[in-house]
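What follows is one structure encoded as structure tokens, with my remarks underneath.
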Amino acid sequence: MLVDIPAARFAMGSDMAEIDRTVDEWRNDLIDVEYRPHFRSWLMKEYPDHHVAVAGFALMRIPVTNGDYAAFLAAWPRPAPMSILAGAPDDHPVWGVSWEDANAYAAWRRCCDGLAWRLPGEAEWEYAAAGPNRRRYPYGDRFDRHRGNSVESGHGGTVPAGALASGASPWGVLDLAGQVEEWVSDRYAPYPGGTAVDDDLTALHRDGYRVLRGGCFALGGDLTRTRRRHGPYVGDRFMVTGFRLAIGGDYDSA
């Protein structure tokens, strides 16, 4: 099912007040104490806030599921992702999917029905999650472990896609706060007027990296903020990567 997101011009990213608020909110609750010295610099990827125009588009209400992805694998054989290899239920979000895998799935869907399926752009994803009032989390301005699926939620894995109805975004899009980190089409780049953050991700990906949004069941709730930008890292808890598709609009990613 698709959700229509109207065209808009909105303020994307964070000002320094939001950066400071987030540091205060999370400094003592990060899942690894070793993150504390780096946390502010990671948040600076969101700085500064700046106005972006998005055309109207439609976004999948829930992420692509294991059942959806299994149908793709049956038609276009590729290595199975970790969630399917582990026997996760068909109605749970697929994870362990690379950016290239996600784009291959979009290409298969385009071949199936002739529609222009694609990964959402980063600005589209943020607007679908935050809405016109710029919610800090898809469901509101204060973190709530019961309304998403990050490590604080205690599920220890995915839950059925769409099951966390109280975590809906202003537009009614589900599972944007945790479950699986979601690929968007864009490469990481500093926002206009900002400075590139050179960190462990840039050291790992010398040719740049694609952005992930939304956090996941294996990582902390700080990543579920609508403005937070992440990227692919190494290690089991960083492999919880999935996606949803968009259609329409005229988004042009880097």
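The values are calculated or read from the model by the stated rules, or taken from the named source; none is laboratory data. Since the model is a prediction, treat every value here as computed from it, not as a measurement. As a convention, Cβ positions derive from the backbone with ideal geometry for all residues, glycine included, and neighbour counts pool all protein chains shown. Please note that ligands, DNA and RNA were not included when accessible areas were found on the heavy atoms of the full protein model with its side chains. Shrake-Rupley method; radii C 1.70, N 1.55, O 1.52, S 1.80 Å.
When the residues of the stretch 64-85 are filtered to those that are within 22 Å of Asp175 (Cα to Cα) and not aliphatic (A, V, I, L, M), the one that is surrounded by the fewest Cβ atoms within 10 Å (Cβ to Cβ) is Gly67. Screening Ala196 against (1) at pLDDT below 95; (2) not in a loop (DSSP other than H, G, I, E, B) leaves a single unmet condition, (2). Within the option set Ala203, Ala189, being out of contact with any helix residue (DSSP H, G or I) (no Cβ under 8 Å at 6 or more places or on another chain) and without any contact (Cβ under 8 Å) to a residue 12 or more places away in the chain holds for one residue only, Ala203.
Going by the structure shown, is Arg142 free of Cβ contacts under 8 Å to residues at least 24 places away in the same chain and more than 20 Å from Pro48 (Cβ to Cβ)? Criteria met by Arg142. Listed conditions (1) outside any loop (DSSP other than H, G, I, E, B); (2) of a type in the set (A, V, I, L, M); (3) open to solvent by 30 Å² or more (accessible area, probe 1.4 Å) are all met by Leu201, apart from (3).
Number of residues in the stretch 137-152 that are open to solvent by less than 20 Å² (accessible area, probe 1.4 Å) and either out of contact with any Asp or Glu (no Cβ under 8 Å at 6 or more places or on another chain) or small (Gly, Ala, Ser) (or both) equals 5. Taking the listed residues Gly167, Gly215, the one that is in contact with a Ser or Thr (Cβ under 6 Å, 6 or more places away or on another chain) and more than 18 Å from Tyr47 (Cα to Cα) is Gly215, with no other qualifying. Among the residues making up the stretch 209-234, those that are open to solvent by 40 Å² or more (accessible area, probe 1.4 Å) and assigned to a loop (DSSP other than H, G, I, E, B) are Tyr233, Val234. Counted as qualifying within the stretch 81-152 are the helices (runs of 4 or more DSSP H) with 1 or more residues that are over 25 Å from Pro192 (Cβ atoms), at pLDDT 95 or above and of a type outside the set (D, E, K, R), namely 82-85, 99-113.
Does Arg237 fit the bill of being surrounded by fewer than 16 Cβ atoms within 10 Å (Cβ to Cβ), closer than 24 Å to Ile62 by Cα and either out of contact with any Cys (no Cβ under 6 Å at 6 or more places or on another chain) or among the β-branched types (Val, Ile, Thr) (or both)?
Numbers: surrounded by fewer than 16 Cβ atoms within 10 Å (Cβ to Cβ): yes; closer than 24 Å to Ile62 by Cα: yes; either out of contact with any Cys (no Cβ under 6 Å at 6 or more places or on another chain) or among the β-branched types (Val, Ile, Thr) (or both): yes.
Yes: the conditions hold for Arg237.
Checking the structure you have, find out if any residue of the stretch 50-61 is at pLDDT 95 or above, touching a helix residue (DSSP H, G or I) at 6+ places or on another chain (Cβ under 7 Å), assigned to a strand (DSSP E or B) and aromatic (Phe, Trp, Tyr). Yes, some residue in the stretch 50-61 is at pLDDT 95 or above, touching a helix residue (DSSP H, G or I) at 6+ places or on another chain (Cβ under 7 Å), assigned to a strand (DSSP E or B) and aromatic (Phe, Trp, Tyr).
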